[in-house]
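Contents: one structure, followed by commentary.
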Amino acid sequence: MPHALIVDDDASTREALAAIVASEGFTTSVARDLREGIVQIGRHQPDVVLSDLRLPDGSGLNLLREIDLRGGVEMVLMTGHASVDSAVDALRLGVADYLVKPINTQRLKAILARVPRTQDLRAEISDLRAALLEFGRFGSMLGRSPAMHRLYDEIVRVAPTEATVFLVGESGTGKELAAQTVHDLSLRRKQAFVPVNCGAISPTLIESEMFGHERGSFSGAERQHKGYFERASGGTLFLDEITEMPLDLQTKLLRVLETGLLQRVGASRETATDVRVIAATNRDPREAVVRGRLREDLFHRLNVFPIQLPPLRARDADAQLLAQAFLDRLNGESRVRKVFAPDVLMQMLVYEWPGNVRELKNYVQRSFILADGAVVNAPIAAMSLGLHAPLAETVAIPIGMSLADADKRLIFATLKHVSGVKKRAAEVLGISSKTLYNRLIEYGAADASEAAADGATDEDAVAFAQRDGTTSFLPSKRDGFR
């Protein structure tokens, strides 16, 4: 049975807390000051310590020196409203959570329900370490580089606690996957993980979407609506691109984080919420504060445990590991066995990957579609359309579309972008003239005579057209393709 230590100089508070804690299946011991608390820890190491911040003989934070946090002991700080800033600072020192007096019983019970059982936690982390050594996987993340090992160590340290996490990294570095991994290694993992992109919600609706609204609170509010905070109750709310949130809403978010209470739009009463928040941004958060995009007080509340995600260029050979994982998935979906050409694998090590993992994934997808045979050999730089031929248009690939149709759509979109110049289209796509003409002939969009007229000297392409016998085509010189 888990054990709890309650340290508070008020006898009635100790008695009330002991009753609640015992009802949640804990054995309990109590102390009125630091000295008694240290004695109790020596007698029976607790699984959780509930301590007032201000004790007669010092700060409750001094108990941190007496408990083994790495052994799974949680410390929860209890404080008055005037000491919230001190409580937030304490989270950086290793405190798992804090409760504002008068204690919210529901929130206390939620914290107790998540107290880690040391043996289970260690076993799970051991399994993850084994998978990392064998497959390079750590939860939802993939990578063996030293930079990623440092990231995993930080996640292991913070995940079992209730500390707010602030993920900072370039676009495409996998901030949502990191947030998911923190959630999966926390005691909230059986509850919801709710990701929210703060920049993708209309400014006029973001408060309603975040906190919910009551029926009739505004035009079109035909029924009560639960916001993201309530939908994530008991679990984790991931606020991506937090610097895109309107400043007035940042004020309300700060209050929810400090009090655990929210108010739906149009409601007259507050609602208790039990949510762990993980925030993320691809900006420098301190610069965002200076520029007025992020409130300074909210920054300090979110920045309890900051984690910097490494860019792909700093991850050594992880690009090859990730690319192979993406290729394996595509092979499985298409029931083929394509492989990367050796020179492509070498290019992965030296290319800078400005778009990080997202760019790598897109490269594998495009080069897989365009591979003329079983070998994926499209040059990486040439396939990075954003660097060599900026596109004003986008190509929509609906879920369920076959790879052949996606291939065709991408080729025609690229031809349109380069005004129908096939040589340029082949360069942008990173394929040979032979491959491009083979595809166009298959689509009925070119023939051998057109290839010759364009100056294409690839005899294999011409021979292919002659064998195929195709003479008709769709877009041609008269249609603006040349």
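The values are calculated or read from the model by the stated rules, or taken from the named source; none is laboratory data. All of these numbers come straight from a predicted model, not from anything done at the bench. Here the Cβ positions follow ideal geometry from the backbone for every residue, glycine too, while neighbour counts run over all protein chains shown.
Scan the range 1-51 for residues that are of a type in the set (A, V, I, L, M) and assigned to a helix (DSSP H, G or I) and report the count. Let's see the steps before the verdict.
The initial filter retains those residues of the range 1-51 that are of a type in the set (A, V, I, L, M), namely 1, 4-7, 11, 16-22, 30-31, 34, 38-39, 41, 48-50.
So of that shortlist, the ones also assigned to a helix (DSSP H, G or I) come out as 11, 16-22, 34, 38-39, 41.
The qualifying residues number 12.
Got a number for residues in the range 162-185 being of a type in the set (S, T, N, Q) and either assigned by TED's automatic domain parsing to the domain that holds R107 or in contact with a strand residue (DSSP E or B) (Cβ under 7 Å, 6 or more places away or on another chain) (or both)? Full working, then the answer.
Step one: filter the range 162-185 for residues of a type in the set (S, T, N, Q), giving 164, 171, 173, 180-181.
Next, only the ones that are either assigned by TED's automatic domain parsing to the domain that holds R107 or in contact with a strand residue (DSSP E or B) (Cβ under 7 Å, 6 or more places away or on another chain) (or both) stay: 164, 180-181.
Number of matching residues: 3.
Residues are listed down the side, and each one gets a yes or a no for (1) charged (D, E, K, R); (2) at pLDDT below 95; (3) outside any loop (DSSP other than H, G, I, E, B):
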{"residue": "E154", "(1), (2), (3)": "yes, yes, yes"}
{"residue": "A163", "(1), (2), (3)": "no, yes, no"}
{"residue": "F166", "(1), (2), (3)": "no, no, yes"}
{"residue": "S171", "(1), (2), (3)": "no, yes, no"}
{"residue": "Q191", "(1), (2), (3)": "no, yes, no"}
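Listed residues L5, L17; which is in contact with a Ser or Thr (Cβ under 7 Å, 6 or more places away or on another chain) and modelled with pLDDT of 90 or more?
Numbers: L17 fails: in contact with a Ser or Thr (Cβ under 7 Å, 6 or more places away or on another chain).
Testing whether each residue is in contact with a Ser or Thr (Cβ under 7 Å, 6 or more places away or on another chain) and modelled with pLDDT of 90 or more leaves just L5.
If I filter the range 188-198 for residues that are of a type in the set (G, A, S) and either under 28 Å from L77 (Cβ atoms) or surrounded by fewer than 18 Cβ atoms within 10 Å (Cβ to Cβ) (or both), do I get at least one hit? Explain how you work it out, then say what you get.
First pass over the range 188-198, keeping only residues of a type in the set (G, A, S): 192.
Filter once more, so that each one left must be either under 28 Å from L77 (Cβ atoms) or surrounded by fewer than 18 Cβ atoms within 10 Å (Cβ to Cβ) (or both): 192.
The answer is yes, given that some residue of the range 188-198 is of a type in the set (G, A, S) and either under 28 Å from L77 (Cβ atoms) or surrounded by fewer than 18 Cβ atoms within 10 Å (Cβ to Cβ) (or both).
Could you say which residue among G25, G42 is touching a Leu at 6+ places or on another chain (Cβ under 9 Å), in the same structural domain as R107 (by TED's automatic domain parsing), surrounded by fewer than 13 Cβ atoms within 10 Å (Cβ to Cβ) and not β-branched (V, I, T)?
Details: G42 fails: touching a Leu at 6+ places or on another chain (Cβ under 9 Å).
Among G25, G42, only G25 is touching a Leu at 6+ places or on another chain (Cβ under 9 Å), in the same structural domain as R107 (by TED's automatic domain parsing), surrounded by fewer than 13 Cβ atoms within 10 Å (Cβ to Cβ) and not β-branched (V, I, T).
Right, L205: over 15 Å from the mean Cα position of the chain (by Cα) and in contact (Cβ under 8 Å) with a residue 60 or more places away in the chain or not? First the steps, then the outcome.
On the way: over 15 Å from the mean Cα position of the chain (by Cα): yes; in contact (Cβ under 8 Å) with a residue 60 or more places away in the chain: no.
Answer is no for this residue.
If you take the residues of the range 2-33 that are over 15 Å from P46 (Cβ atoms) and among the aliphatic types (A, V, I, L, M), which of them is farthest from the chain's Cα centre (by Cα)? Quick ask: steps written out before the conclusion?
Start the filter on the range 2-33 by keeping residues that are over 15 Å from P46 (Cβ atoms), which leaves 9-13, 15-16, 19-20, 23, 32-33.
When the remaining residues are screened for being among the aliphatic types (A, V, I, L, M), the result is 11, 16, 19-20.
On the way: A11: 44, A16: 40, A19: 39, I20: 36 Å.
Looking at the filtered set, the residue picked out is A11.
Being in contact (Cβ under 8 Å) with a residue 60 or more places away in the chain and crowded, with 16+ Cβ neighbours inside 10 Å is the filter here; which residues of the range 257-273 pass it?
L257, E258, T259, G260
Those residues that are surrounded by fewer than 23 Cβ atoms within 10 Å (Cβ to Cβ) and farther than 23 Å from E244 by Cα, I need them from the range 161-185; list them, please.
E162, T181, D184, L185
Restricting to the range 365-408, name every residue that is among the hydroxyl-bearing types (S, T, Y), farther than 17 Å from M348 by Cβ and at pLDDT 75 or above. I'd like the intermediate steps shown before the answer.
Within the range 365-408, the first condition is being among the hydroxyl-bearing types (S, T, Y), and the residues that meet it are 367, 384, 394, 402.
Okay, now just the ones that are also farther than 17 Å from M348 by Cβ, so 394, 402.
Residue satisfying the conditions is S402 alone.
Out of R276, R286, R215, I need the residue that is at pLDDT 85 or above and surrounded by fewer than 16 Cβ atoms within 10 Å (Cβ to Cβ). Which one?
Numbers: R276 fails: surrounded by fewer than 16 Cβ atoms within 10 Å (Cβ to Cβ); R215 fails: at pLDDT 85 or above.
Result: R286 is the single residue among R276, R286, R215 that is at pLDDT 85 or above and surrounded by fewer than 16 Cβ atoms within 10 Å (Cβ to Cβ).
Have a look at L312, L360, L349 and point out the one that is more than 19 Å from the chain's Cα centre (by Cα) and either on the phi < 0 side of the Ramachandran plot or acidic (D, E) (or both). Before you say what the answer is, go through the steps one by one.
Values: L312 fails: more than 19 Å from the chain's Cα centre (by Cα); L360 fails: more than 19 Å from the chain's Cα centre (by Cα).
Every option except L349 fails the conditions.
Please pick out the residue among E36, E66 that is under 36 Å from the mean Cα position of the chain (by Cα) and over 22 Å from T105 (Cβ atoms). Steps first, please.
Numbers: E36 fails: under 36 Å from the mean Cα position of the chain (by Cα).
Only one candidate passes the filter, namely E66.
Tell me the helices (runs of 4 or more DSSP H) entirely within the range 264-340 that contain at least 2 residues that are among the acidic types (D, E). Give the derivation first.
Working: elements: 285-290, 296-302, 318-334.
The helices (runs of 4 or more DSSP H) meeting that bar are 296-302, 318-334.
Can you report the number of residues in the range 248-263 which are closer than 23 Å to R189 by Cα, touching a helix residue (DSSP H, G or I) at 6+ places or on another chain (Cβ under 6 Å) and part of a helix (DSSP H, G or I)?
Adding up the residues that qualify gives 2.
Scan the range 69-123 for residues that are assigned to a helix (DSSP H, G or I), among the polar types (S, T, N, Q) and either touching a strand residue (DSSP E or B) at 6+ places or on another chain (Cβ under 8 Å) or at pLDDT below 80 (or both) and jot them down. Let's see the steps before the verdict.
Taking the range 69-123 first, the residues assigned to a helix (DSSP H, G or I) are 69-71, 81-93, 105-113, 118-123.
If we keep only those that are among the polar types (S, T, N, Q) as well, we get 83, 86, 105-106, 118-119.
Of everything in the range 69-123, those that are assigned to a helix (DSSP H, G or I), among the polar types (S, T, N, Q) and either touching a strand residue (DSSP E or B) at 6+ places or on another chain (Cβ under 8 Å) or at pLDDT below 80 (or both) turn out to be S83, S86, Q106, T118, Q119.
Which of the residues that make up the range 14-23 are touching a residue at least 40 places away in the same chain (Cβ under 8 Å) and within 22 Å of L61 (Cβ to Cβ)?
L17, V21
Quick one: count up the residues across the range 233-253 that are under 20 Å from T204 (Cβ atoms) and either among the polar types (S, T, N, Q) or not assigned by TED's automatic domain parsing to the domain that holds Q191 (or both).
Qualifying residue count for the region: 3.
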